[in-house]
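The values are calculated or read from the model by the stated rules, or taken from the named source; none is laboratory data. Just so we're clear, the structure is a prediction, and the values are computed from it rather than from any experiment. Using ideal geometry, Cβ is built from the backbone for each residue, glycine included, and neighbour counts are taken over all protein chains shown. To get the accessible areas, we keep the full protein, side chains included, count just its heavy atoms, and leave off ligands, DNA and RNA. Shrake-Rupley method; radii C 1.70, N 1.55, O 1.52, S 1.80 Å.
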Amino acid sequence: LTTLNFLLQGLVSESIIGSLLTFPTYIAVAYYACSLLAETSSMPFRWKPFGIVYVLSLAASTFLYHLTDSFTLIALPVAIGVAAPQIFFGLQKLIKYRHTGTQFSNSYAVLLLLNGFHFLDYPFLRPDPQMAIFGFGLVLIFSICFAALLPSILSKYHTDQLTKNLLQQMEKREQVENDLAIALIKAEHLANVKSIFLANVSHEIRTPLTGIIGLNDLLLTTELNPEQREYCSDIANASQKLRRIINNVL
């Protein structure tokens, strides 16, 4: 994007309005530079206010173009619109978020801040060809410095992200293991309760049933009339069926 801006400004170097319209392509460079700094430093990235400032500055420069021939006055609003986000995010990083990210991120913020201030000299240097070349040289130097820092910043950022994700997975696994341990304790407790319950039920039901069956067997050994013996036989059969049902249920 920076190279594209150089080419465009070279094509329209003799036109004020051309320079005015090509210079704001730097806003795209500013957007990506600021978003990268915010992403790698855990900073909130709110671009909408700066988009509004940029549009207003472009409108102001276009309006001034019809009122004056001074390139400095015409280009100053646009220069402010492009410089504002870089200065803001650079200062925010160095003041409020200096302990987040890496030291390389702080160096990146210093470059971004200086680059933003450098854009403010565009309206004053651009009319002089020699100073314009000097200004483009500074932009090129800043771009090279950004490119040199990027691998280190992104490598550290991705390493931190992977480490963070690994720690989160370990914490989740530890939580799952704790939950499983608690569930196992509850299951063992429920198994014990079940065993105690079955033992109690078995004793409380089988004991009186065994007594009924035994007394009925004793009764069958006594002298009974046919009707009484039939009743006792029915009791014996019903008791045996009931005992089988209870055994199956338990």
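Magnitude of the charge dipole for the range 161-236, about its Cα centre and with charges confined to Cβ atoms of Lys, Arg (+1) and Asp, Glu (-1), is about 620 debye. In this simple spin-label model, placing a label point 7 Å from the Cα along the Cα-to-Cβ direction at both Ile212 and Arg46 gives a separation of 8.1 nm. Ranking Gly101, Phe50, Leu67 by Cα position along the charge dipole of the range 1-136, where only Lys, Arg, Asp and Glu carry charges on their C-beta atoms, puts Gly101 farthest toward the positive end.
The sum of -39500 (n - 2.57) across all DSSP H runs of n ≥ 4, divided by the residue count of the chain, sets its helix-only mean residue ellipticity at 222 nm to -30000 deg cm²/dmol.
Taking every C-alpha pair closer than 8 Å and separated by at least 6 residues, the mean separation divided by the residue count of the range 71-145 gives a relative contact order of 39 percent. Of the solvent-accessible surface of the range 38-117, computed with a 1.4 Å probe over protein heavy atoms with every protein chain present, carbon and sulfur atoms account for 69 percent. Computed from Cα positions, the angle between helix 226-249 and the longest principal axis of the chain comes to roughly 20 degrees.
Each of Phe134, His158, Thr40 was scored by the projection of its Cα onto the charge dipole of the chain, and the greatest displacement toward the positive side belongs to Phe134; charges sit on the C-beta of Lys, Arg, Asp and Glu.
What's the FRET efficiency of Gln103 with Asp69 using the Cβ-Cβ distance as r and R₀ = 35 Å, to the nearest 0.05? Efficiency, from the Cβ-Cβ distance: 0.15.
Here the extension length gained between Glu230 and Phe197 equals 8.2 nm, from 0.36 nm per residue of separation less the Cα-Cα distance.
With respect to the chain, whose longest principal axis is taken over its alpha-carbon atoms, helix 71-95 is tilted by about 40°.
Suppose a student asked you for the relative contact order of the range 12-166, using Cα pairs under 8 Å spaced at least 6 residues apart; what percent would you report? In percent, rounded to a whole number, it is 23.
Of the trypsin sites (Lys or Arg not before Pro) found in the range 27-125, the ones in coil according to DSSP and having at most 13 other Cβ atoms within 10 Å of their Cβ are Arg46, Lys96. Pairs of Lys residues in the chain are counted when their Cα atoms are under 30 angstrom apart and they lie 8 or more places apart or on different chains; the count is 14. Note on percent of Cα pairs over 23 Å apart: of the candidates (1) 68; (2) 63; (3) 53, the value calculated from this structure sits at (1). Taking the charge dipole of the range 171-250 about its Cα centre, with +1 at Lys and Arg Cβ atoms and -1 at Asp and Glu Cβ atoms, the residue from Asn200, Ile246, Ser233 reaching farthest to the positive side is Ile246.
Taking GluC sites (Glu not before Pro) as candidate sites, keep only those in a DSSP loop with at most 16 other Cβ atoms within 10 Å, then name the longest stretch of the chain containing none of them. The answer is 15-222.
Net charge dipole, the range 52-179: roughly 120 debye, given to the nearest 20, about the Cα centre with Cβ charges of +1 for Lys and Arg and -1 for Asp and Glu. The Cβ shell under 13 Å around Ile153 holds other residues with a net charge of 0, Lys and Arg each +1, Asp and Glu each -1. To the nearest ten degrees, helix 48-65 and the longest principal axis of the Cα atoms of the chain are 20 degrees apart. Under the convention that each Lys and Arg Cβ holds +1 and each Asp and Glu Cβ holds -1, the size of the dipole of the chain around its Cα centre is about 340 debye. Solvent exposure of the range 77-176, expressed per residue, is 58 Å² of accessible area, with all protein chains present and a 1.4 angstrom probe.
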